[in-house]
Amino acid sequence: MEDQRGRLRELPSVDEVLSRPAVRALEIRVGRAAVKAAVRQAIAAARERILSGAGNGPGELVPDQDVLTRAEREAAPRLRRVINATGVVLHTNLGRAPLHPDAIARVAEVASGYSNLEIDLDTGRRGHRSAAVEPLLCELFGAEAAHAVNNCAGATLLALAALGSGGAAVVSRGELVEIGGGFRVPEILAQSGCRLVEVGTTNRTRLSDYAAALARQRGVPLLHDLGSGALELPEGLSETTASRSLADGADLVLVSGDKLLGGPQAGILLGRRDLVDACRKHPLARALRADRMLIAALEATLKLYRAGRAAELPVNEALGVSADQLSQRATRLALDLTERGIACAVVESEGRVGGGSMPLARLPGFGVAVERGADLLEELRRGEPPVIGLLRDDRVVLDVRCTADVGDLAAAVARACARASEQPLARGTLGLHSGGVEAPDGTEV
């Protein structure tokens, strides 16, 4: 105990560590605030090691290298690019749809300066934010009018508030689900001011349950919160489309910009002009409005569909890749890792569409199983770039469906294996459920 107290008294102060030449030099690169935070973290970690009995051996209590590592991590962006090795294409926790290079370029162009976001260049008068995408949306989906907001839940809330506030919203019990982050659909709908009327059962609702066939005769608009914005799907996959819903009689259809459309997160309202205009003019529309970067990315994505280039979208590439291609990709990854001295094997894997889209669809594919467990899974997340994989039978499985660049993945795995080998018992058993972010079926956990 006395030895432990002595070691605690030996801990340097924050100012002492900051005065070290190597630490002072670090301030020039990452800034004093990040370095100071790192020093405090390093001292706190040293204190914990001493109290646990692990820091009573010889050596410097707060090494410069520990401070440097922590400072670089502190200065690094919080939102970072990661490698998706889960096999879940529209991974909600990983940002869903990666953007096409054309969309990225348009975002950079528009964000770097001013734009005609709300001005009509022909008349010089104020316009509306959806003007850049409405003609494309109407053409591609067969809608009379269209409007874009920041996400699909917002589109649903806006439609109910604009068209049904103070009245009743008839909803099938099968639609009353909980979505990501613990948000429940009934609670979201209640915020619109509508009174919720539940009909049908959780597994079956008939037209007669809520008299949808009489909606027009009664003057009640029929809203379809479809979610999926699919326009074209790879062979073997099928999903109800907004075009089909509109053709079947829906008055207003609400879809996402990233769910199967392959664009940015957005809520898209499609349907009758009077209903879309009512939504656009509602006060809530301002709170939910899309920004210039969303509009730029959405317009570029829609133009790819119009030009017949939808297959180039990263989401469609990941969904449409063949089993043979995935097998070859997994083999290349396994060979690369084997050459680096990492024990691994090619295994069959089963991906998901993700994001709540096509929950019953299975995507047979391949991956590589690495003979390490939770310690490697954690080190993969800590790397640069971070890798999000799966843990199965105490082995890390890297599904290659969403990772066309296996060289980048192999290098990241090699670095993580090296770190895990240096500290095999340092961090317990974190991340025992598919990387700690989303279950293999694409639902959030």
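The values are calculated or read from the model by the stated rules, or taken from the named source; none is laboratory data. Please read these numbers as outputs of a predicted model, since none were measured by experiment. FYI the Cβ positions are ideal-geometry reconstructions off the backbone, even for glycines, and counts take in every protein chain you see. Keep in mind that these areas ignore ligands, DNA and RNA; they rest on the heavy atoms of the full protein, side chains included. Shrake-Rupley method; radii C 1.70, N 1.55, O 1.52, S 1.80 Å.
Numerical summary
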read-out: Percent accessible area from carbon and sulfur atoms, region 53-198, protein chains only, probe 1.4 Å; value: 52
read-out: Taking region 1-154 and dividing mean pair separation by its residue count, relative contact order in percent (alpha carbons under 8 Å, at least six apart); value: 15
read-out: Calculated log₁₀ intensity ratio I(q)/I(0) where the Debye formula runs over C-alpha points of region 49-175, q = 0.11, 0.14, 0.21, 0.22 Å⁻¹; value: -0.76, -1.01, -1.37, -1.37
read-out: Within straight-line cross-link reach of Lys303, lysines at Cα separation under 24 Å, skipping those fewer than 8 residues along the same chain; value: Lys259
read-out: Heavy atoms of Glu144: accessible area, 1.4 Å probe, square angstrom to 10; value: 110
read-out: Total charge dipole magnitude, region 294-413, about the Cα centre, Cβ charges on Lys, Arg, Asp, Glu only, Debye to nearest 20; value: 440
read-out: Relative contact order (%) - criterion: Cα under 8 Å, at least six apart; region: region 301-403; value: 24
read-out: Zero-based 10 Å bins, Cα pair distances in region 125-243, whole percents; value: 11, 35, 38, 15, 1, 0
read-out: Probe 1.4 Å - accessible area at Phe183, Å² to nearest ten; value: 120
read-out: Estimated 222 nm signal from helices in the chain, with DSSP H stretches of n ≥ 4 weighted -39500 (n - 2.57), rounded to 500; value: -12000 deg cm²/dmol
read-out: At most 13 other Cβ within 10 Å, DSSP loop - trypsin sites (Lys or Arg not before Pro), region 72-118; value: Arg78, Arg80, Arg81
read-out: Unit charges on C-beta of K, R, D, E only; dipole of the chain, Debye; value: 1020
read-out: His224 - accessible surface, heavy atoms, 1.4 Å probe, Å² rounded to 10; value: 60
read-out: Pairwise label distance in nanometres, Ser327 with Glu139, each label 7 Å out on the Cα-Cβ vector; value: 4.2
read-out: Positive-pole candidate from Leu157, Phe141, Tyr114, dipole of region 112-188, charges at beta carbon; value: Leu157
read-out: Whole-Å distance, taken between Cα centres, linking region 167-190 and region 352-417; value: 33
read-out: Value of Rg to Rh for region 269-317 (Rh from inverse mean 1/r over Cα pairs, i.e. Kirkwood); value: 1.11
read-out: Burial order of peptide ranges 110-120, 246-256, 228-238 (average beta-carbon count within 10 Å, highest first); value: 246-256, 228-238, 110-120
read-out: Heavy-atom accessible area order for Asp274, Asp102, Asp66, largest first, 1.4 Å probe; value: Asp274, Asp102, Asp66
